[in-house]
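Q: Below is a structure I'd like to ask you about.
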Amino acid sequence: MSFEIVDVEMRIHIRLLTSSRENVGKSKLYDGIVGNLLAYAAQRALFLYGNMGFVSLTPKTQLVSNYMDKYNMYITGKTLSMGLPEILGLLKKYS
Amino acid sequence: MKSQVKDFEILYEVMDSRHATFADKLADGKLILEARKKQMAQLSPELILEAGLIQLKLQMEESLKPEQTTNSYSFINFLQEYSSILYSDTDIFAKDLSIDSTFLNKVLEGEEEPNDELLTKLIAHTEHTFKNLINFKAAIWYDIYTQEKTRKV
């Protein structure tokens with residue numbers, strides 16, 4: 001995972017999020033890798049900015065609904081975002 | 001919908017936004033700002049309190065990491081933060097801790113050292129506060145205090 005800290009906006013923007021080949025598909029070795037990586041970004045946002053923390057990413061088009069359903073992210077233009085309620089939900093789930 | 005999930009499963013690179021254009025970033029920045037304003041206006045005091053406590057927990061844990069060599073974090077700062085998140089009046093905090101309020105105020109102002117009684121009661125208070133919130137080892141107060149003393153030596 002690679003992310004940038006957009007300090008003026010108190011936001012963390014995830015630039016790249018990947019999982020290794022053996023951890024995708026039905027026979028994946030470990031489950032929840034993407035969720036854990038997202039939770040790490042969410043944790044950094046909360047650590048740095050408290051209740052003002054925010055996380056965004058630009059997913060591949062075919063994955064938009066997946067991010068919305070699984071991580072409660074919402075559409076903000078071409079990006080998907082999560083604010084405090086979603087960040088806290090993710091942290092509780094993956095901490 | 002099913003085919004989308006299938007696509008997701010065969011991709012090993014689940015997202016890559018390194019190549020977004022500047023115009024896209026600018027347009028999305030405005031939309032994100034609007035979404036944030038809307039969401040901030042709807043945040044409940046309970047959620048804000050929760051965020052403050054978890055932020056404090058994360059900062060306390062960070063302060064104990066070996067690579068953390070600066071003095072940007074201190075026991076007193078954390079205690080002041082904990083008190084201000086939960087209480088508007090330190091006398092009520094002292095009452096809840098069953099500690100003399102004058103002594104607590106002096107500790108908060110750095111005029112007195114915290115004693116064992118304060119540390120023990122603070123740990124118990126923190127355990128209770130975080131009980132239904134998130135996993136947190138409240139004895140970290142003691143770890144932070146002793147680490148600070150060790151650094152000074």
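Q: Does residue A:8 qualify as being buried (at least 18 other Cβ atoms within 10 Å of the Cβ), part of a helix (DSSP H, G or I) and β-branched (Val, Ile, Thr)?
A: Spelling it out, it is not the case that residue A:8 is buried (at least 18 other Cβ atoms within 10 Å of the Cβ), part of a helix (DSSP H, G or I) and β-branched (Val, Ile, Thr).
Q: Could we say that residue A:19 is of a type in the set (Gly, Ala, Ser), over 18 Å from residue B:22 (Cα atoms) and either surrounded by fewer than 16 Cβ atoms within 10 Å (Cβ to Cβ) or more than 8 Å from chain B (Cβ to nearest Cβ) (or both) here?
A: So residue A:19 does not fit the description; no.
Q: Give me a count of the residues in the range A:24-50 that are open to solvent by less than 60 Å² (accessible area, probe 1.4 Å) and part of a helix (DSSP H, G or I).
A: Matching residues across the range A:24-50 total 14.
Q: What's the number of the only condition in (1) in contact with a helix residue (DSSP H, G or I) (Cβ under 7 Å, 6 or more places away or on another chain); (2) of a type in the set (A, V, I, L, M, F, W, C); (3) surrounded by fewer than 21 Cβ atoms within 10 Å (Cβ to Cβ); (4) more than 7 Å from chain B (Cβ to nearest Cβ) that residue A:68 fails to meet?
A: (1)
Q: Here's a check for you: in the range A:11-23, which residue that is out of contact with any Lys or Arg (no Cβ under 9 Å at 6 or more places or on another chain) and not in a loop (DSSP other than H, G, I, E, B) is modelled with the highest pLDDT?
A: For the range A:11-23, the residue satisfying everything is A:14.
Q: Output the residues belonging to the range B:51-69 that are over 12 Å from the mean Cα position of the chain (by Cα) and either open to solvent by less than 70 Å² (accessible area, probe 1.4 Å) or under 21 Å from residue A:54 (Cα atoms) (or both).
A: Once the filter is applied, which keeps residues that are over 12 Å from the mean Cα position of the chain (by Cα) and either open to solvent by less than 70 Å² (accessible area, probe 1.4 Å) or under 21 Å from residue A:54 (Cα atoms) (or both), the range B:51-69 yields B:64, B:68.
Q: What number of residues within the range A:78-95 are facing chain B (nearest Cβ under 8 Å) and closer than 19 Å to residue A:16 by Cβ?
A: 3
Q: Residue by residue through the range A:51-62, note down the ones that are in a helix (DSSP H, G or I) and surrounded by fewer than 20 Cβ atoms within 10 Å (Cβ to Cβ).
A: A:52, A:61, A:62, listed by residue number.
Q: So, one more: Can you pull out the residues in the range A:65-95 that are assigned to a helix (DSSP H, G or I) and of a type in the set (Ser, Thr, Tyr)?
A: A:65, A:67, A:71, A:94
Listed here are the residues, each with its yes/no results for (1) under 24 Å from residue B:51 (Cα atoms); (2) assigned to a helix (DSSP H, G or I); (3) over 20 Å from the mean Cα position of the chain (by Cα).
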{"position": "B:76", "(1), (2), (3)": "yes, yes, no"}
{"position": "B:83", "(1), (2), (3)": "yes, yes, no"}
{"position": "B:88", "(1), (2), (3)": "yes, no, no"}
{"position": "B:104", "(1), (2), (3)": "no, yes, yes"}
{"position": "B:112", "(1), (2), (3)": "no, no, yes"}
{"position": "B:118", "(1), (2), (3)": "no, yes, yes"}
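Q: Under 8 Å between Cβ atoms, at least 6 apart or on separate chains: pull out the pairs that start in the range B:135-153 with a residue that is over 14 Å from residue B:53 (Cβ atoms) and end on any residue that is open to solvent by less than 60 Å² (accessible area, probe 1.4 Å) and outside any helix (DSSP H, G or I).
A: Once the first residue is over 14 Å from residue B:53 (Cβ atoms) and sits in the range B:135-153, its partners that are open to solvent by less than 60 Å² (accessible area, probe 1.4 Å) and outside any helix (DSSP H, G or I) give B:143/B:64; B:144/B:64; B:144/B:73; B:145/B:114; B:147/B:64; B:148/B:74.
Q: Any chance the range A:40-55 includes a residue that's facing chain B (nearest Cβ under 9 Å) and among the β-branched types (Val, Ile, Thr)?
A: There is no residue in the range A:40-55 that is facing chain B (nearest Cβ under 9 Å) and among the β-branched types (Val, Ile, Thr).
Q: Please state which of the following conditions residue B:105 fails to meet, knowing it meets all the rest: (1) surrounded by 13 or more Cβ atoms within 10 Å (Cβ to Cβ); (2) closer than 18 Å to residue B:46 by Cα.
A: Of (1) surrounded by 13 or more Cβ atoms within 10 Å (Cβ to Cβ); (2) closer than 18 Å to residue B:46 by Cα, only one is false for residue B:105: (2).
Q: While we're here: Looking at the range B:108-153 only, could you name the residues that are basic (Lys, Arg) and open to solvent by 80 Å² or more (accessible area, probe 1.4 Å)?
A: Those that are basic (Lys, Arg) and open to solvent by 80 Å² or more (accessible area, probe 1.4 Å): B:131, B:137, B:151, B:152.
Q: What pairs can you find where one residue is in the range B:22-42 and assigned to a helix (DSSP H, G or I), the other is open to solvent by 100 Å² or more (accessible area, probe 1.4 Å), and their Cβ atoms are less than 7 Å apart, with a gap of 6+ or different chains?
A: Short answer, once both residue conditions are applied: B:24/A:78; B:28/A:78.
Q: Just to be sure I understand, how many residues within the range B:100-126 are within 19 Å of residue B:149 (Cβ to Cβ) and of a type in the set (Ser, Thr, Tyr)?
A: 1
The values are calculated or read from the model by the stated rules, or taken from the named source; none is laboratory data. This is a predicted model, so every value here is computed, not measured. Every residue, glycine among them, receives a Cβ derived from its backbone with ideal geometry; neighbour counts consider all protein chains shown. These accessible areas exclude ligands, DNA and RNA; they are computed on the full protein's heavy atoms, side chains included. Shrake-Rupley method; radii C 1.70, N 1.55, O 1.52, S 1.80 Å.
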